[in-house]
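What follows draws every value from the coordinates through simple rules; no lab data is involved. Every value quoted in this text rests on a predicted model; they were computed, and no experiment measured them. Glycine also receives a Cβ, built like all others from the backbone with ideal geometry; neighbour counts cover every protein chain displayed.
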Amino acid sequence: MTGRRILLAVLVLAVSTVACADDQPALQPVPVVEEPATTTVAPEPDVVTNGWVQVGDQTFDLTFTCYAPGPGDVVAIGVGGHPDSGQHVEALIQGFLGQPYVGVTVGGSVLYEATLDGPLEVFVHDGTISAGAIEWARGLDLGSGVGERVGYGAVFVSCEVYEHDLPEGY
């Protein structure tokens, strides 16, 4: 029994010497209890989009209403917000036979339209309206065809339902 006490005394002395090296008292860790942080995030309203328009390197997800006023004629009008600035965005896609048109207005003042000298084909197939390889221009003069070229893009709209009459004022 005395041997165990001596062994125990040696172990205690060795541990206290190591723990108190350089005559510094041994520091005991203090448990830190932190209150859990909670952050309340308001859910974003669900905005259902059924199409997009790409102008150069910018893509606008929009909510479109589709119209079919006559045989072979379609129109899609989309609204939404600019992904960076939040400005109001409107798009018009017209697939009238021989008179296709694609235009996008950002913030009520910046207008992007398909150039007049490049090909523009609007396709209608199985409930979709699309156009690809659109060369876009800003500030296009429809008389001269001159405008600031801003890049290429495309449009895609999924139309589950087509309205028969065009909106008032069209």
Those residues of the range 82-99 which are assigned to a strand (DSSP E or B) and touching a strand residue (DSSP E or B) at 6+ places or on another chain (Cβ under 6 Å), in sequence order: 89, 90, 91, 92, 93, 94, 95, 96
Condition (residue is assigned to a loop (DSSP other than H, G, I, E, B) and either closer than 22 Å to residue 147 by Cβ or among the charged types (D, E, K, R) (or both)) applied to the range 59-79: is it met by at least one residue? no
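Considering only the range 108-157, give the strands (runs of 3 or more DSSP E) lying wholly within it that have at least 1 residues that are under 21 Å from residue 82 (Cα atoms).
Details: elements: 110-114, 123-125, 128-138.
It comes to 110-114, 128-138.
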Which of the following residues is exposed (fewer than 15 other Cβ atoms within 10 Å of the Cβ) and either over 21 Å from residue 48 (Cβ atoms) or among the hydroxyl-bearing types (Ser, Thr, Tyr) (or both): 117, 73, 126? 117
May I ask you to say which residue of 133, 154 is without any contact (Cβ under 8 Å) to a residue 24 or more places away in the chain, surrounded by fewer than 18 Cβ atoms within 10 Å (Cβ to Cβ) and more than 25 Å from residue 164 (Cβ to Cβ)? 133
